[in-house]
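Okay, structure first, notes after.
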Amino acid sequence: MNRHILHLDLDAFFVSVERVFNPQLRGKPVIVGGDPRGRGVVASASYEARTYGIRSAMPLAQAKKLCSHAVFIIARHARYQEFSEKVLNMLRRYAPVVEAASVDEFYLDMTGCDHLYGSIFAVATQIKADLRKKLGLPASIGLGSNKLIAKIAAALSKPEGLLWVFPGEEASILAPLPVAYLPGIGLHTQSRLQELGIRTIGELAQFPQPLLLTAFGKHGQQMNNRARGLCSRPVTEHREPKSLSREVTFNTDTIDPRTLEMVLCRLAEGVGYGIRRLGMAAGTVTIKLRYSDFQTISRSQSVPPTDDDVEIFQTAQALFKKAFSRRVRIRLLGVKLSNLLAKNPQGALFVPPEEIKKEQLHQSTDSIRERFGMEALHLGRALG
Ligand SMILES: [Mg+2]
């Protein structure tokens, strides 16, 4: 049986939400991210801004140089989250299973729904019109026989487009596209593929599999499957977060060990608080550091599952000491928790007393933070 998967991607989502609140921003180059004199990056750029070459994750200062008359706005994530939930609720009226893949991307499994709603193409048109009319948000939709095809179709149809890749047409649609259209192929893999003479998805699909396996191992097999348009991942309602991270770009690059340690501690507290709110524990701690020349390093360590600020900080600190090997100033620091699993204290028959103590401490620090904000309480070191 053919599956019918619909992928919906909201166009320039943060900018679109800002335009709902301030219609004067329509038709103008708008950049959400923050003050262009600061050191942040572009979180979302309107299509008018993109014509100047502005892209997501570009430093704001560079965006300002490319388009000096652009309107710069500080991101208001609570607002975007609220709109994202409204979109999700609206989509639930159209399909039994809706997956929120990110704040602005959704998958709907429409298999079998064509009898109920008429042509799937007509339904997609209706969804787009509904989003425009009721929420004021532009979106692009891709339709295809699996999630991979639907996602690429949506990307190809942007902005505010609609593209249906008919069953059997997958390979011919993918073949001419650059390999970067496939998920999991970053800049590094792209350049390695280029060394093998592979630039397009078609070339990747044709490339002898044994050679791809020799060069890339398991990832080679996965890339080959994707290049042939294969994907069996189901649309699932509940998506557990795979990781949780916080990072900070310094106002001024620094090499001062006290400052670095203090920031690392605050980042550890930030992710620790986040993971306890999720009711989960992490089996891997990762740190990321970026030097002032933009060389970026990350280091990971497996740990017994933890949600404790001190344990996270101590692991992060040890990783940092090993990773920070150059006498060069640091621009960015980050801490990430991954390998997450649910904590279930009710299920445990015996909880060691020190664990209970930790749990009580977490509950009291977290409740103080919820009332007075993250700044209210810090581990000794984070006070600097
Ligand atoms: Mg989007």
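The values are calculated or read from the model by the stated rules, or taken from the named source; none is laboratory data. Source: prediction; values computed, not measured. Ideal geometry is used to build each Cβ from the backbone, glycine not excepted, and the neighbour counts take in all protein chains shown.
Would you be able to say whether some residue in segment 142-163 is away from the ligand (no atom under 16 Å from the Cβ), closer than 18 Å to residue 11 by Cβ and either surrounded by 21 or more Cβ atoms within 10 Å (Cβ to Cβ) or not polar (S, T, N, Q) (or both)? Don't jump to the end; show me each part of the working.
Step one: filter segment 142-163 for residues away from the ligand (no atom under 16 Å from the Cβ), giving 143-146, 148-149.
This time we only want the ones that are closer than 18 Å to residue 11 by Cβ, so: 143.
Narrowing the set further to residues that are either surrounded by 21 or more Cβ atoms within 10 Å (Cβ to Cβ) or not polar (S, T, N, Q) (or both) leaves 143.
Taking every residue of segment 142-163 in turn, at least one turns out to be away from the ligand (no atom under 16 Å from the Cβ), closer than 18 Å to residue 11 by Cβ and either surrounded by 21 or more Cβ atoms within 10 Å (Cβ to Cβ) or not polar (S, T, N, Q) (or both).
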Note to self: Condition first: assigned to a loop (DSSP other than H, G, I, E, B), in contact (Cβ under 8 Å) with a residue 24 or more places away in the chain, away from the ligand (no atom under 16 Å from the Cβ) and over 18 Å from the mean Cα position of the chain (by Cα). Now tell me which residues in segment 5-53 satisfy that.
What the structure shows: 28, 29, 34, 35, 36, 37, 38, 39
Note to self: Just to check your reading of the model, which residue among 60, 25, 8 is in contact with a strand residue (DSSP E or B) (Cβ under 7 Å, 6 or more places away or on another chain), of a type in the set (A, V, I, L, M, F, W, C) and under 30 Å from residue 170 (Cα atoms)?
What the structure shows: 8
Next item on the list: State whether one or more residues within segment 104-122 are crowded, with 19+ Cβ neighbours inside 10 Å, more than 26 Å from residue 201 (Cα to Cα), within 16 Å of the ligand (Cβ to nearest atom) and among the charged types (D, E, K, R).
Entry: no
Item checked: residue 72, sole failed condition from (1) in a strand (DSSP E or B); (2) within 13 Å of the ligand (Cβ to nearest atom) -> (2)
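So which residues in segment 164-187 are in contact with a His (Cβ under 8 Å, 6 or more places away or on another chain) and buried (at least 18 other Cβ atoms within 10 Å of the Cβ), if there are any at all? Lay out the reasoning, then the answer.
Kept after step one, since they are in contact with a His (Cβ under 8 Å, 6 or more places away or on another chain), are these residues of segment 164-187: 184.
None; the set is empty.
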Next item on the list: Go through (1) assigned to a strand (DSSP E or B); (2) touching a Phe, Trp or Tyr at 6+ places or on another chain (Cβ under 7 Å) one by one and return the number of the condition residue 268 breaks.
Entry: (1)
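Output the residues belonging to segment 41-65 that are among the hydrophobic types (A, V, I, L, M, F, W, C) and surrounded by 16 or more Cβ atoms within 10 Å (Cβ to Cβ).
Step one: of segment 41-65, the residues among the hydrophobic types (A, V, I, L, M, F, W, C) are 41-43, 45, 49, 54, 57-58, 60-61, 63.
The answer is 41, 42, 43, 45, 49, 54, 58, 60, 63.
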Note to self: For residue 60, only one of the following conditions fails: (1) within 16 Å of the ligand (Cβ to nearest atom); (2) touching an Asp or Glu at 6+ places or on another chain (Cβ under 9 Å). What is its number?
What the structure shows: (1)
Note to self: Just to verify a result, which residue in segment 193-244, among those that are in contact (Cβ under 8 Å) with a residue 24 or more places away in the chain and among the basic types (Lys, Arg), is surrounded by the most Cβ atoms within 10 Å (Cβ to Cβ)?
What the structure shows: 226
Check: Of the residues 155, 129, which single one is part of a helix (DSSP H, G or I), within 21 Å of the chain's Cα centre (by Cα) and in the same structural domain as residue 9 (by TED's automatic domain parsing)?
Finding: 155
